[in-house]
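Heads up: the structure comes next, in structure tokens.
Rule-based calculations on the coordinates, nothing more; no lab input. Please read these numbers as outputs of a predicted model, since none were measured by experiment. FYI the Cβ positions are ideal-geometry reconstructions off the backbone, even for glycines, and counts take in every protein chain you see.
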Amino acid sequence: MKSRGLCDDATQLCGSLEAQSSCSQCIKQHPDCAWCRDPHSTEQNRCQVRSAFKPDTCNPSYVYSPTTEIRIGPHVKHLMESSVNNTFHFSRMRRRCSFCDFFKLKVTVMDCRDGSDIAISVGVYGYTTVSALYITPLCGCECEKPNQQNSPLCHQHGNLICGQCVCESTRGGDRCECPLASYGVKNALELEDRCREKPGVPVCSGRGLCRCGQCQCNLQTVKDGRFCQCDHSSCPTGANGRQCSGNGVCECGTCRCEEGWEREDCSCSTDKGTCTEGGVSLTSQLTISHSEVSSKIKILSFWVLIVE
């Protein structure tokens, strides 16, 4: 596991391209990263923050997360780099303490080293007795050891490992259903890049699945565009709470107003007699009666004569 600060964005790390490559790479990115082993999952990213998985897209029993905790006590003490300084007060000396304090110890392994356990000693100043903690870093996923070679779920052209198809060099796609030669690409990554609007961004803008180099947009929300980049539900709403004020169609986040309507939210009629601003007629604000004009002209002339 790479050394990182405590304020790193777990969501970003778990969603990185490196994290999506395998279960082992996933859990190395951040302690909160988890991997979906469900072979029938419809999740775009198999590696996510644990709390981000939904039961309808990944069976909860297939979510693999090696992070475990053992509760030692109900209180949490802020730990220093190498020691904990706490002062305890006793009513009198005897074999059993009349007052006991507890603390919770959380250990984060910053470097993932396969092999031997890590030993940590925990003690209290003034006492010779210490407690030893033996930690076994989980740097890999158990599901990677047994794998189904040439699995039917992978169209007989790949191995099923941790719920994910690892395809032969000549195949691509989530289920190895895409013969690379038929699509004019050299490898599976090149085929997948056809589903990215630009290098390094999520496949299908994170709103759909890549099927042999073409995006299949998520039908749960209205998405469109070659890379599912158009969100037809994100247009501005009018005062009536309706998208595009009910006077237009939302296209890729922008309202296309019907004839006779204008503005960003299609809330203003092109008939200037009915166009309003905050419920007040704009036309009425600009209307001045003939008598008002005449009086203003007289007042203006009066002041001009005084100046002369």
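Using the Cα gyration tensor of the stretch 125-240, with a ≥ b ≥ c the square roots of its eigenvalues, what is the shape: rounded (a/c below 1.5), prolate (a/b larger than b/c) or oblate (neither)? Oblate shape, in that a/c is at least 1.5 and b/c is the bigger or equal ratio. Inter-label distance, Arg194 to Asp117: 5.2 nm, where each label sits 7 Å from its Cα along the C-beta direction.
Annotation: amide H of Cys268 within the under-5 Å range of Glu262, sequence separation 5 or more or interchain, hydrogens built in the peptide plane. Prolate is the label for the stretch 10-66, because the ratio a/c of its alpha-carbon gyration tensor axes (a ≥ b ≥ c) is 1.5 or higher and a/b is greater than b/c. Give, as a single signed number, the net charge of other residues whose beta carbon lies under 13 Å from the beta carbon of Asn150, with Lys and Arg counted +1 and Asp and Glu -1. Around Asn150, the charge tally is +1.
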